[in-house]
1. Report the FRET efficiency, 1/(1 + (r/R0)^6), for Leu115 and Asp68, where r is their Cβ-Cβ distance and R0 is 22 Å, rounded to 0.05.
2. Per DSSP H run of at least 4 residues, take -39500 (n - 2.57); add these up for the chain, divide by its residues and hand me the 222 nm value, nearest 500 deg cm²/dmol.
3. Considering only Met184, Met94, Cys20, whose Cα is most displaced toward the positive end of the charge dipole of the chain, charges sitting on Cβ of Lys, Arg (+1) and Asp, Glu (-1)?
4. Go through Thr74, Ile161, Phe63 and say which Cα lies farthest out towards the positive end of the charge dipole of the range 56-185; charges sit on Cβ, +1 for Lys and Arg, -1 for Asp and Glu.
5. Along its three principal axes, how long is the chain when you only count alpha carbons? Whole Å, largest extent first please.
6. Hey, can you grab everything whose amide H is under 5 Å from the amide H of Gln104? Only 5+ residues off in sequence or another chain; H modelled, so Pro and N-termini drop out.
7. Would you grab the residues whose amide H sits under 5 Å from the one on Leu16? Only those 5+ places off in sequence or on another chain, please, with H modelled 1.01 Å from N.
8. If the cut-off is 23 Å between C-alpha atoms, which lysines fall inside it for Lys131, apart from same-chain ones fewer than 8 positions away?
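Only the coordinates and a few stated rules stand behind these numbers; no lab work does. Bear in mind that the values here come from a model prediction, so they are computed numbers and not experimental data. Counting neighbours? That spans all protein chains shown, and the Cβs are built from the backbone with ideal geometry, glycine included.
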Amino acid sequence: MKYLTLGSTGLTVSELGFGCIPIIRFPKEDSVRVLRHAFERGITFYDTANAYRDSEEKIGIAFSGMRDKVVLATKTLMRSAQDATAHLDNSLRMLKTDYLDLYQLHQIAQEQDWLQVTGPGGALEAVLKAKAAGKIRHIGVTSHNLQMAIKMARSGLFETIQFPFNLIEEGARELLGVSRELGMGFICMKPFGGGGD
């Protein structure tokens, strides 16, 4: 396994990460076994979301007692500070940790989303407060909208950007270039096109 530094975060991660949507389909014991198998093969970066049903709980069980050996990233779809705080606290509880390596505002695709999360009482306000309190080490964002993703990358508010990157996505290379120019970590989403034919 190759390891690299995730942009300017200083986090050392496996080049191949583990996206945790698929483990929602498996019973708890099987999921834990799969996660530990991935770790034994050198994968140290695990990306999930509060919305991925019980994936956070399964990750918390799988890596209990070895928190310092994995990099945990999760996300929230919430747009208000109050709701994002509730999501964050739930994620910390389910993942059995008192901090997250990376917390991402999820699927900011439209201007309305951007205005909600960055405005007064928006989710970004809560995330910055949580970072100051030590609950979050780094802040990222995800999107499926290329122009919005570029705008967010250039905002200077985030250390990582997650975006679909595969053979059928157009424009992702442009965003990759922008993220490299800015020293941001680029997290590849849907490398196999989300299973599409």
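1. Here the calculated transfer efficiency is 0.05.
2. It lands at -11000 deg cm²/dmol.
3. With unit charges placed on the Cβ atoms, the residue in question is Met94.
4. Of the listed residues, the answer is Phe63.
5. The Cα atoms of the chain stretch 41, 38, 32 Å along their principal axes.
6. Those qualifying (amide H under 5 Å, at least 5 residues apart or on another chain) are Thr74, Lys75, Thr76, Gly140.
7. Result for Leu16 returns Lys2.
8. Reachable lysines: Lys69, Lys75, Lys96, Lys151.
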